[in-house]
Every structure is written in C-alpha cells, then in structure tokens.
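First up is the structure itself, then whatever we jot down about it.
Computed from the coordinates by the stated procedures, all read-outs in this text should not be read as laboratory data. From a predicted model like this one, the values you see are computed outputs, not experimental measurements. No Cβ is skipped: glycine too gets one built from the backbone with ideal geometry, and neighbour counts run over all protein chains shown.
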Amino acid sequence: MANIKSAIKRIGVTEKKNLRNRKLTSGVKTAIKKFDKALQSDDKATVEAVYINAVSTLDKAAAKGVIHKNAANRKKARMAAKMAQ
C-alpha cells in the first residue's frame, strides 16, 4: 500500500478509470453480441436498430479512449459487411 499522499490519490483515480473502462468495454461486447443474435432473425428493422445502437456504443467508447479509433472502425465495418450479406 502506498504511503505518499499523491500515490494514494493516483490509486483512487486509477480504480475509477479502470471501472469506467471495464464498463464501456463490456457494453461494446454486449452490443456486438446483440447484433450477432439479431442477425439470426430475418427481421431487417430489428437488425438495423441494433446495428445503430452498436455503432453508437463503439463511437462513444472510441471517443473516450477506451478502445482505439481504428479498432472501433474495424468492428463497425465487419458488422456492416455481415448486415449486407
């Protein structure tokens, strides 16, 4: 355990950031899984709605630096390709 006051503060900040990052990363994974599940059904309206939600989630995670911008774009492109098939 840290003894220096600034080190104690850094531990707290790191824990908060870690929690936020895990929450957003989990949300991204959930959104992608929902999209894959929606693809199994043949309802185009549902797939489009879930796709828009997943893209929004990816963009928010990339904007906050949780995932890299290129990684978000790659995931969006792969989902769009699956949707187009």
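Residues in segment 1-55 that are surrounded by 12 or more Cβ atoms within 10 Å (Cβ to Cβ) and polar (S, T, N, Q): Asn21, Thr25, Thr30, Thr46, Asn53. Residues in segment 2-29 that are in contact (Cβ under 8 Å) with a residue 12 or more places away in the chain and among the hydroxyl-bearing types (Ser, Thr, Tyr): Thr25 alone.
Is it the case that segment 34-55 has a residue that's among the β-branched types (Val, Ile, Thr) and either at positive phi or in contact (Cβ under 8 Å) with a residue 40 or more places away in the chain (or both)?
Taking every residue of segment 34-55 in turn, none turns out to be among the β-branched types (Val, Ile, Thr) and either at positive phi or in contact (Cβ under 8 Å) with a residue 40 or more places away in the chain (or both).
For beta carbons closer than 8 Å, sequence separation of 6+ or different chains, a first residue in segment 59-85 that is at negative phi and a second that is hydrophobic (A, V, I, L, M, F, W, C) and not in a helix (DSSP H, G or I), the qualifying pairs are Ala61/Ile67.
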